[in-house]
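Chemist: One structure is given below, represented as structure tokens, and several questions about it will come after.
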Amino acid sequence: MTITYVLMQNLKRNPLRAALTATAFSLPMAVFVAAISLVVLLANVAASAAKELRLGVHQKTSLTNLLPEGMRRKIEALDPQKEHLHAVCGMRWFGGRVPDTQNTLTSLAADADTFPIVYSDVQMTEEETARWLSEKTACVVGFATAEQYGWKPGDRLTLESTVPPYLTLEFKIVKVMQNAERSSVFYFRRDYLEDSLKAAGFDDPRCNIFWIKCKTAEGLRTLQQRIDAAFANSPEETKSEDENAFAANFTQAAGNLPGLMQAMAVVVVFIIALVAGNTMMMSFRERIRELAVFKAIGFQSSRIFAIVLAESTMLALIGALAGVIPASLFLLLVPIRNLRMGPISSFEVSPLAIVVSIAIALLVGLVAGLWPAYQAHRLRTVDALRKVA
Amino acid sequence: MSTAEIELRNVRKVYYKERLEIPVLEGLDLDVATGDFVVLMGPSGSGKSTLLHLIGGLDTPTSGAVRVGDANLERMNERQLTAWRSRNVGFIFQMYHLVPVLTAAQNVELPLLLFRMSSAERRQRVITALNVVGLADRMDHRPNQLSGGQEQRVAIARAIVTDPRLILADEPTGDLDAKTSEEILGLLNVLNTEFEKTIIMVTHDPRAAAHGKRRLHLDKGALYSDERATVRAVAAASS
Ligand SMILES: Nc1ncnc2c1ncn2[C@@H]1O[C@H](COP(=O)(O)OP(=O)(O)O)[C@@H](O)[C@H]1O
Ligand SMILES: [Mg+2]
């Protein structure tokens, strides 16, 4: 027999109470794992976007108001020495969907020459770039979408547009993108779209947005001001935002999710601390005389302190594991990427989330056990036993 | 060194309640020889438990000296007293105080967790202690599956498993019926005579008192009438 065994047996003393207290740990920890994983994902998306130093220029009032194609030249002319500017890529929304399905893909037509530069994070190989540049029907597609429709590089496919004039186009996949933030996006060449529109009687080479790859963060700020100043008070008045601002807008739309979760986490942690502390205090009070006898037998006060603390921590750990393990398995097994909610497609259980959740539980268990452990430490055998008689 | 196993000199114990002095023991002297079986009697609140706690190193005197073996308890701090207790004293209480979630054998094993020894030796010691109290066949029972008398036997086994020189019992039969009390007292006699344990037992029960070799009365802070109980009295009470 070891003291650990004695501790484990102690938890069985009042199984219902122990189970309820453990549940007070397991449920929030299960939610924590999912929530922290989500925050980690959002942070990753924001971080990788920041690294790419892209500036998006669109019509001031709305992304749906198109800007003339010539804008690209005008933007390039604002930095002729290419001091800050790397390349400009015009984009046009296609709104395509696979025939006989309901979901419209995030499908965009992009300038063929500059797409591989502006979207260097897509990491096209030389061979893929060559194929992109040589084949007019070339397209690149995010891994989640590719997985959903069973597409591989080299496959041919057809998309029909959901916006006038409802073109139906054929494509050939040159790459499946592995980026988390582009897991369900579809890019193809804008000259292909332009020509197809022209063939259908629509000569409309305009763009929704121009993406500008900048050389430095400072250069990005400079260009942002220059561009918006240059087109101010013109029919093509623009608004320039970097991708971070886009991500921030996105999270703001979601109601400042990380901040809200943090606030909720603090409240929840506080509540479990109270629940666990109450349980530990009750279980300590029931055992005052028993612990007094432990001391009489020769257990040092420091050891009694450790025993009570260990019991509380153990209860917390058992509760946390009972929440974290099923939650992780659930998140791993249920195909969340099929939800196809942009970045969520690359959702995975963050090891950090597991470590943090268990650490929080241990800490709360420790804190909850402190007061009863202190009481047990200063408990005097003679006083505790006298209360019997 | 004096021949006495236990030696108390001018021991005073004063409690304080709301700044009020409550003198409990007022200058006690006591010698207990090795192998003695002392029965301590006296009215409720006279300080019997207090005296037992001082001898067992659970409490320290306000003034005076308490020597047990070669240990001067009044000079030791709490840590030292605790370590000393683990090796030298076995306590038996009125309410047994067993751990309900552990079996009889595991309860007896508890004090051995403080010692470095092989699990085989530990097991052997537990079985020996349970054999002495006649409960080897109940070793896997939990306290709630045992009668009061059996629980007290387990508590006695727990007190002797470390082989202490001194056994201190505070009203060990206070919660038991007459017949079971006799069994427990007989067991204490065996520990005293066969295993040569020095025993001090507090009791209210005159029949229980007859089991000791020597009777002391504590009243109003002083020890009285140190009369020798005859061996015949023990025989008469147990027949
Ligand atoms: N911690 C304490 N504070 C104040 N008074 C105490 C304390 N412990 C014991 N006493 C008092 O000391 C006296 C002796 O108590 P005790 O040794 O338990 O007596 P007995 O065991 O003979 O019944 C009692 O009057 C009791 O109220
Ligand atoms: Mg008493």
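The values are calculated or read from the model by the stated rules, or taken from the named source; none is laboratory data. Model, not experiment: these values are computed from the prediction. In this analysis, Cβ positions are derived from the backbone assuming ideal geometry, glycine residues included, and neighbour counts consider all displayed protein chains. Note: accessible area is taken over every heavy atom of the protein model, side chains too, but ligands, DNA and RNA are not part of it. Shrake-Rupley method; radii C 1.70, N 1.55, O 1.52, S 1.80 Å.
Chemist: Write out, first by first residue and then by second, each pair whose Cβ atoms fall under 6 Å of each other, whose residues are 6+ apart or on separate chains, and whose first residue, in segment B:151-171, is away from chain A (no Cβ under 12 Å) and within 16 Å of ligand 1 (Cβ to nearest atom) while the second is open to solvent by less than 10 Å² (accessible area, probe 1.4 Å) and of a type outside the set (Lys, Arg).
Modeler: B:Ala169/B:Ile92; B:Ala169/B:Met201
Chemist: Just to confirm my filter: which strands (runs of 3 or more DSSP E) fall fully inside segment A:133-251 and include at least 1 residues that are of a type in the set (D, E, K, R) and without any contact (Cβ under 8 Å) to a residue 60 or more places away in the chain?
Modeler: A:156-161, A:168-177
Chemist: State all residues of segment B:13-38 that are within 21 Å of the chain's Cα centre (by Cα) and more than 14 Å from ligand 2 (Cβ to nearest atom); if no residue qualifies, say none.
Modeler: Within segment B:13-38, B:Leu28, B:Asp29, B:Leu30, B:Asp31, B:Val32, B:Ala33, B:Thr34, B:Gly35, B:Asp36, B:Phe37, B:Val38 qualify.
Chemist: Does B:Ser147 satisfy the criteria of being facing another protein chain (nearest Cβ under 9 Å) and either among the polar types (S, T, N, Q) or farther than 29 Å from B:Asp36 by Cβ (or both)?
Modeler: So B:Ser147 does not fit the description; no.
Chemist: Tell me whether segment B:133-140 contains one or more residues that are at pLDDT 95 or above, part of a loop (DSSP other than H, G, I, E, B), among the acidic types (Asp, Glu) and surrounded by fewer than 17 Cβ atoms within 10 Å (Cβ to Cβ).
Modeler: yes
Chemist: Here is a follow-up. What tally of residues in segment A:368-388 results from selecting those that are over 20 Å from B:Gly57 (Cβ atoms) and either open to solvent by less than 10 Å² (accessible area, probe 1.4 Å) or away from every other protein chain (no Cβ under 14 Å) (or both)?
Modeler: 8
Chemist: Would you confirm, using the coordinates I've provided, whether A:Asp113 is in contact with a Cys (Cβ under 9 Å, 6 or more places away or on another chain) and without any contact (Cβ under 8 Å) to a residue 24 or more places away in the chain?
Modeler: When the stated conditions are applied, A:Asp113 passes them.
Chemist: Follow-up. How about segment B:60-85: which of its residues are under 13 Å from A:Thr381 (Cβ atoms) and either assigned to a helix (DSSP H, G or I) or within 10 Å of another protein chain (Cβ to nearest Cβ) (or both)?
Modeler: Once the filter is applied, which keeps residues that are under 13 Å from A:Thr381 (Cβ atoms) and either assigned to a helix (DSSP H, G or I) or within 10 Å of another protein chain (Cβ to nearest Cβ) (or both), segment B:60-85 yields B:Glu78, B:Leu81, B:Thr82, B:Arg85.
Chemist: Another question about this same structure. Which of the numbered conditions does B:Pro100 fail, given that it passes all the others? Conditions: (1) on the phi < 0 side of the Ramachandran plot; (2) open to solvent by less than 50 Å² (accessible area, probe 1.4 Å).
Modeler: Exception for B:Pro100: condition (2).
Chemist: Just the residues that are within 15 Å of B:Leu187 (Cβ to Cβ) and open to solvent by less than 50 Å² (accessible area, probe 1.4 Å), please, taken from segment B:120-132.
Modeler: Result: B:Ala129, B:Leu130, B:Val132.
Chemist: Output yes when any residue across segment A:55-78 is among the charged types (D, E, K, R), surrounded by 15 or more Cβ atoms within 10 Å (Cβ to Cβ) and farther than 30 Å from A:Asp203 by Cβ, and no when none is.
Modeler: For segment A:55-78, residues among the charged types (D, E, K, R), surrounded by 15 or more Cβ atoms within 10 Å (Cβ to Cβ) and farther than 30 Å from A:Asp203 by Cβ: absent.
Chemist: B:Gly45 fails exactly one of the following numbered conditions: (1) within 16 Å of ligand 1 (Cβ to nearest atom); (2) crowded, with 18+ Cβ neighbours inside 10 Å. What is the number of that condition?
Modeler: So B:Gly45 meets the others, but not (2).
Chemist: B:Leu51 versus (1) modelled with pLDDT under 95; (2) within 16 Å of ligand 2 (Cβ to nearest atom): which is the lone unmet condition?
Modeler: The one condition B:Leu51 does not meet is (1).
Chemist: Within the group A:Leu363, A:Leu379, A:Leu332, which residue is at pLDDT 80 or above, more than 16 Å from ligand 2 (Cβ to nearest atom), under 30 Å from B:Ser44 (Cα atoms) and not assigned by TED's automatic domain parsing to the domain that holds A:Arg182?
Modeler: The unique qualifying residue is A:Leu379.
Chemist: Grab the strands (runs of 3 or more DSSP E) fully contained in segment B:169-229, keeping just those with 1 or more residues being of a type in the set (A, V, I, L, M, F, W, C) and away from ligand 2 (no atom under 16 Å from the Cβ).
Modeler: B:198-202, B:222-228
Chemist: What is the one condition in (1) part of a helix (DSSP H, G or I); (2) farther than 20 Å from A:Arg289 by Cβ; (3) within 14 Å of chain A (Cβ to nearest Cβ) that B:Met117 does not satisfy?
Modeler: (1)
Chemist: Oh, and also: For residues in segment A:170-182 being crowded, with 24+ Cβ neighbours inside 10 Å and of a type outside the set (D, E, K, R), which is modelled with the lowest pLDDT?
Modeler: Looking only at segment A:170-182, we keep the residues that are crowded, with 24+ Cβ neighbours inside 10 Å, and these are A:171, A:174, A:177, A:182.
In the following step, the residues that additionally are of a type outside the set (D, E, K, R) were identified as A:171, A:174, A:177.
Working: A:Phe171: 95, A:Val174: 95, A:Met177: 92.
The qualifying residue modelled with the lowest pLDDT is A:Met177.
Chemist: Right, A:Gly342: away from ligand 1 (no atom under 16 Å from the Cβ) and either at pLDDT 90 or above or in contact with a Gly (Cβ under 6 Å, 6 or more places away or on another chain) (or both) or not?
Modeler: no
Chemist: Would you confirm whether or not segment B:77-91 contains a residue that is within 16 Å of ligand 1 (Cβ to nearest atom), closer than 13 Å to A:Gly298 by Cβ and touching a residue at least 12 places away in the same chain (Cβ under 8 Å)?
Modeler: Yes - at least one qualifying residue is present in segment B:77-91.
Chemist: In segment B:1-51, which strands (runs of 3 or more DSSP E) lie fully inside it and hold 3 or more residues that are basic (Lys, Arg)?
Modeler: In segment B:1-51, the matching strands (runs of 3 or more DSSP E) lie at B:4-17.
Chemist: In addition: Assuming B:Gly57 fulfils every condition listed in (1) more than 16 Å from ligand 2 (Cβ to nearest atom); (2) open to solvent by 10 Å² or more (accessible area, probe 1.4 Å); (3) within 14 Å of chain A (Cβ to nearest Cβ) apart from one, which condition is it?
Modeler: Here B:Gly57 meets the rest and fails (2).
Chemist: Can I ask one more? Give just the number: which of (1) part of a loop (DSSP other than H, G, I, E, B); (2) touching an Asp or Glu at 6+ places or on another chain (Cβ under 6 Å); (3) aliphatic (A, V, I, L, M) does A:Leu63 not satisfy?
Modeler: In the conditions (1) part of a loop (DSSP other than H, G, I, E, B); (2) touching an Asp or Glu at 6+ places or on another chain (Cβ under 6 Å); (3) aliphatic (A, V, I, L, M), A:Leu63 misses (2) alone.
Chemist: Please pick out the residue among B:Val39, B:Val32, B:Val108 that is closer than 21 Å to B:Leu185 by Cβ and either open to solvent by 30 Å² or more (accessible area, probe 1.4 Å) or touching a His at 6+ places or on another chain (Cβ under 8 Å) (or both).
Modeler: None of the other options fit; the residue is B:Val39.
Chemist: Filter segment B:12-29 for residues that are touching a helix residue (DSSP H, G or I) at 6+ places or on another chain (Cβ under 9 Å) and either open to solvent by less than 10 Å² (accessible area, probe 1.4 Å) or among the small types (Gly, Ala, Ser) (or both); which is farthest from ligand 1 (Cβ to nearest atom)?
Modeler: First pass over segment B:12-29, keeping only residues touching a helix residue (DSSP H, G or I) at 6+ places or on another chain (Cβ under 9 Å): B:13, B:15, B:24-25, B:28.
Then drop every residue that is not either open to solvent by less than 10 Å² (accessible area, probe 1.4 Å) or among the small types (Gly, Ala, Ser) (or both), which leaves B:25, B:28.
Working: B:Leu25: 9, B:Leu28: 12 Å.
Filtering segment B:12-29 for residues that are touching a helix residue (DSSP H, G or I) at 6+ places or on another chain (Cβ under 9 Å) and either open to solvent by less than 10 Å² (accessible area, probe 1.4 Å) or among the small types (Gly, Ala, Ser) (or both), the one farthest from ligand 1 (Cβ to nearest atom) comes out as B:Leu28.
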